[in-house]
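> Dropping the structure in here first, questions after.
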Amino acid sequence: MREAATPWERLRQVLVTVGPGGLWLVLFVLIPTLVMLVASLMSRGSLGQLVPPLGLHNYVRFFSDPLFIEIIGRSLWIGFWSTVLIMLLGYPLAFYIAQSRYKEVLLLLVVIPFFTNFLIRVYAWIVVFQKEGLLNGLITAFGLPPAELLPSTFAVYVATVYTYLPFFVLPLYAAVERIDWSQLEAAYDLGARPIRAFWEAIFPQTVPGLFAGFLLVFIPAVGTFVIADLLGGGKVTLVGNLIQLQFGSAQNWAFGSAVSMVLMAMVLLGLWLYARTQGEKGLDKLV
Amino acid sequence: MEPTLFRSRRERKLGEHIAVRLEGVTKRFGDHKAVEDVNLEVRDGEFFSLLGPSGCGKTTLLRMIAGFETPDEGRVIIGGKDMTQVPPYLRPVNTVFQNYALFPHMTVEQNIAFGLRMKKMPRDEIARRVQWALELINLPGYEKRRPDQMSGGQRQRIALARALVNEPEVLLLDEPLSALDLKLRQELRVDLMNLQERLGITFIFVTHDQEEALVMSDRIAVMNKGRIEQLGPTEEIYELPQTAFVARFIGDSNLIPAQAIEPRKVKTALGEFVLDDEDALTPGQEVLLSIRPEKIRLFRERPNLPNVFRARVDDIIYTGSENQYVLVAGGQRLMCETLNHDIQEPGHEEFAYDEEVWVALTPEKLVVIQGGSEGSDPYA
């Protein structure tokens, strides 16, 4: 039998095993979050620096101004519907890729946009949507009057769906690829018609991938500011733009931190609700 | 399932009705003919095996009966109705898949209940039948388990229960035992035979394992390259192979090229043999003689028997219950098996390496394979 470890040995064992991961979490998750939490409780000095007094005044300001509520509401709204659009497009796409003979090529096509800088890809949409742009060129070629497409919510939706589609398709593809298709045949064999067979035998197995994809898309889509900035112009202000503004030209880091904390809290609330409805296993499955 | 002793399969009475009939069924995948002009009838309550090497078309044939593939030519008739174009969910058959294809997100209970639920059966009736099925496969109390919490053998039985609970007219089994280890496979063979006899459901069983097919089946169709090489009762397939392929694929066989010199007499490299064959040969005709290793008799003294020749013992393989002798005569190798029962009397002696022995081929045990060619090698 092994001798009982001394306290020193046990400490060493703990440090060697969970040490590196724990250090990473403390350095890059816990400390920044705490810094931001403290900053959100402070005030803006005359030069834009963080100064006491501490208090909840930034949160009070956020929740008492209907404009800010509208901004976060609009962010959640656009983020949600962009995610729904992405799911409607991405779900069949993942299945199509998984069963295709050319799945390597198709996967590469999904990933290729990442080879180009995100900002440049968003600028590319300006080329498409601007007044003398490609889309209007097509419209006028059919003898129709050119459309005012920039800035517009429509352009924000298109670019958001385009940008985040791969984040949904890739995890879902991983789930779909593992499915044993003979289960679909087994369902037919047991009397299920095609749609029923898919719904009962295949769909439930894609739900974890669906949720993973949903989160991977919804969280950044809600927080995006570049797309709204470039394609939404002054018309579409999202919570990401608000935060950027506070850390940038408004020089109010304290308020910017508070808005960031609110956004983070909302996302965590969503996760928590999901975990509650899915039971203990829900989050495990997701991760 | 409690073990019971078996009546020999060949003594069983089979139904008069035809459960499944295939008429001129052909299936191509591109240029490749997977199944070519297959005709067969499976009788009600029969344990019917499709036996052949991988790629012979047996699984494709089964999939056409299940409805997963549509034949390019021919008809599939199940229970007297033409079902060639009927989709799988409307056919009165169920399948046990090679990899079981259990639904991983459902419990054992939900898996078994799936087919009944699709038929919109009332809940209490479903619960009753699921219980019946779990008892049938001897797994009561496993309702709430998931497939990934069960062993291969248990999963196999659940796949069986999931199919049988629907009371199909025909149960299709696609190599259901191939993923299991030998001991379990032998146990499940007996379980399957018991079950089939008890329920009286027609089984169509696909396998590449000739022993499995011989043990379990009433009749066997041996397939090769998309065609049926031979179809008949189990014993006939073993005792009277009609082609070199069947002789080689089912058990071991010695094949001796021969040329007829009289209607019942042939000339071979081992000497002249007399035959006891129903159909007479035309002199000059080239044929193959097939004889099973256990039917060759060896003697130390020259016996007073027909078809006797000298051979040398080239190798001896001791398998415990048997002595297998590799004999060389006339430039040809012959396999011979004798039971290891320690009796030293003519016809049962034990021999040593390089000993010169007398070999006797009983005319009734020599099977004539017409055509004379070597045939294709099933293991090539």
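The values are calculated or read from the model by the stated rules, or taken from the named source; none is laboratory data. Not measured: the values here are computed from a predicted model. Here the Cβ positions follow ideal geometry from the backbone for every residue, glycine too, while neighbour counts run over all protein chains shown.
> If I ask for residues that are part of a helix (DSSP H, G or I), surrounded by fewer than 15 Cβ atoms within 10 Å (Cβ to Cβ) and in contact with a Leu (Cβ under 9 Å, 6 or more places away or on another chain), which ones from the stretch A:119-134 would you list?
A:LEU119, A:TYR123, A:VAL127
> Separate question: Looking only at the stretch B:118-135, count how many residues are surrounded by fewer than 19 Cβ atoms within 10 Å (Cβ to Cβ) and within 25 Å of B:GLN186 (Cβ to Cβ).
Summing the residues that are surrounded by fewer than 19 Cβ atoms within 10 Å (Cβ to Cβ) and within 25 Å of B:GLN186 (Cβ to Cβ) in the stretch B:118-135 gives 1.
> If you check A:GLY143, A:GLY137, A:GLY73, which single one turns out to be surrounded by fewer than 13 Cβ atoms within 10 Å (Cβ to Cβ) and either in a loop (DSSP other than H, G, I, E, B) or not assigned by TED's automatic domain parsing to the domain that holds A:TRP253 (or both)? Give the derivation first.
On the way: A:GLY137 fails: either in a loop (DSSP other than H, G, I, E, B) or not assigned by TED's automatic domain parsing to the domain that holds A:TRP253 (or both); A:GLY73 fails: either in a loop (DSSP other than H, G, I, E, B) or not assigned by TED's automatic domain parsing to the domain that holds A:TRP253 (or both).
That would be A:GLY143, the only listed residue that is surrounded by fewer than 13 Cβ atoms within 10 Å (Cβ to Cβ) and either in a loop (DSSP other than H, G, I, E, B) or not assigned by TED's automatic domain parsing to the domain that holds A:TRP253 (or both).
> Here's another thing I want to ask about it. Given the conditions (1) more than 14 Å from every other protein chain (Cβ to nearest Cβ); (2) under 30 Å from B:LEU116 (Cα atoms); (3) not in a helix (DSSP H, G or I), which single one is not true for A:PHE95?
If we test A:PHE95 against (1) more than 14 Å from every other protein chain (Cβ to nearest Cβ); (2) under 30 Å from B:LEU116 (Cα atoms); (3) not in a helix (DSSP H, G or I), just (3) comes out false.
> Answer with yes or no whether A:VAL226 is away from every other protein chain (no Cβ under 14 Å), surrounded by 18 or more Cβ atoms within 10 Å (Cβ to Cβ) and among the hydrophobic types (A, V, I, L, M, F, W, C). Can you show your working first?
Working: away from every other protein chain (no Cβ under 14 Å): yes; surrounded by 18 or more Cβ atoms within 10 Å (Cβ to Cβ): no; among the hydrophobic types (A, V, I, L, M, F, W, C): yes.
No.
> Can I ask one more? Count, please, the residues in the stretch A:150-189 that happen to be part of a loop (DSSP other than H, G, I, E, B) and either buried (at least 20 other Cβ atoms within 10 Å of the Cβ) or within 12 Å of chain B (Cβ to nearest Cβ) (or both).
Filtering the stretch A:150-189 for residues part of a loop (DSSP other than H, G, I, E, B) gives A:150-152, A:178-181.
If we keep only those that are either buried (at least 20 other Cβ atoms within 10 Å of the Cβ) or within 12 Å of chain B (Cβ to nearest Cβ) (or both) too, we end up with A:150, A:178-181.
Total satisfying the criteria: 5.
> State which residue pairs qualify: first residue at the interface with another protein chain (Cβ under 7 Å from one of its Cβ atoms) and among the aromatic types (Phe, Trp, Tyr) and inside the stretch B:101-118, second residue buried (at least 24 other Cβ atoms within 10 Å of the Cβ) and part of a loop (DSSP other than H, G, I, E, B) in any location, beta carbons under 8 Å apart, and separation of 6 or more residues or different chains.
Listed by first residue and then by second, the contacts come to B:PHE114/A:LEU190.
> Same structure again: I'd like the full set of residues that are surrounded by fewer than 19 Cβ atoms within 10 Å (Cβ to Cβ) and more than 9 Å from every other protein chain (Cβ to nearest Cβ), limited to the stretch A:190-205. Full working, then the answer.
Residues of the stretch A:190-205 surrounded by fewer than 19 Cβ atoms within 10 Å (Cβ to Cβ): A:193-196, A:198-199, A:203-205.
Residues satisfying the conditions are A:ILE195, A:PHE198, A:TRP199, A:PHE203.
> Out of the stretch A:55-70, which residues are assigned to a helix (DSSP H, G or I) and of a type outside the set (D, E, K, R)? Explain how you work it out, then say what you get.
Filtering the stretch A:55-70 for residues assigned to a helix (DSSP H, G or I) gives A:57-64, A:66-70.
Those that are assigned to a helix (DSSP H, G or I) and of a type outside the set (D, E, K, R): A:HIS57, A:ASN58, A:TYR59, A:VAL60, A:PHE62, A:PHE63, A:SER64, A:PRO66, A:LEU67, A:PHE68, A:ILE69.
> Exactly one of these conditions fails for B:MET121: (1) within 13 Å of chain A (Cβ to nearest Cβ); (2) part of a helix (DSSP H, G or I). Give me its number.
(2)
> Also, quick follow-up: Is it true that some residue in the stretch B:98-105 is over 18 Å from B:ASP174 (Cα atoms) and part of a loop (DSSP other than H, G, I, E, B)?
Residues of the stretch B:98-105 that are over 18 Å from B:ASP174 (Cα atoms), as a first pass: B:104-105.
Adding the requirement that they be part of a loop (DSSP other than H, G, I, E, B) leaves B:104-105.
Yes, that holds for at least one residue.
> In this structure, is B:GLU135 away from chain A (no Cβ under 14 Å) and at negative phi?
Yes.
> Pairs please, first residue from the stretch B:241-255 and on the phi < 0 side of the Ramachandran plot, second anywhere and of a type in the set (Lys, Arg) and outside any loop (DSSP other than H, G, I, E, B), Cβ atoms under 8 Å, 6+ apart in sequence or on different chains.
Cβ pairs passing all conditions: B:LEU255/B:ARG248.
> Assigned by TED's automatic domain parsing to the domain that holds A:GLY223, out of contact with any Leu (no Cβ under 8 Å at 6 or more places or on another chain) and either surrounded by fewer than 15 Cβ atoms within 10 Å (Cβ to Cβ) or among the polar types (S, T, N, Q) (or both), is that true of A:THR116?
Details: assigned by TED's automatic domain parsing to the domain that holds A:GLY223: yes; out of contact with any Leu (no Cβ under 8 Å at 6 or more places or on another chain): yes; either surrounded by fewer than 15 Cβ atoms within 10 Å (Cβ to Cβ) or among the polar types (S, T, N, Q) (or both): yes.
In short, yes.
> Filter the stretch B:79-100 down to the residues that are within 10 Å of another protein chain (Cβ to nearest Cβ) and of a type in the set (A, V, I, L, M, F, W, C) and list them by number.
If the condition is that a residue be within 10 Å of another protein chain (Cβ to nearest Cβ) and of a type in the set (A, V, I, L, M, F, W, C), then B:LEU90, B:VAL93, B:VAL96, B:PHE97 are the ones that fit.
> Something else: Would you confirm, using the coordinates I've provided, whether B:LEU173 is closer than 20 Å to B:ASP218 by Cβ, part of a helix (DSSP H, G or I) and within 14 Å of another protein chain (Cβ to nearest Cβ)?
Values: closer than 20 Å to B:ASP218 by Cβ: yes; part of a helix (DSSP H, G or I): no; within 14 Å of another protein chain (Cβ to nearest Cβ): yes.
Judged against the criteria, B:LEU173 is not a match.
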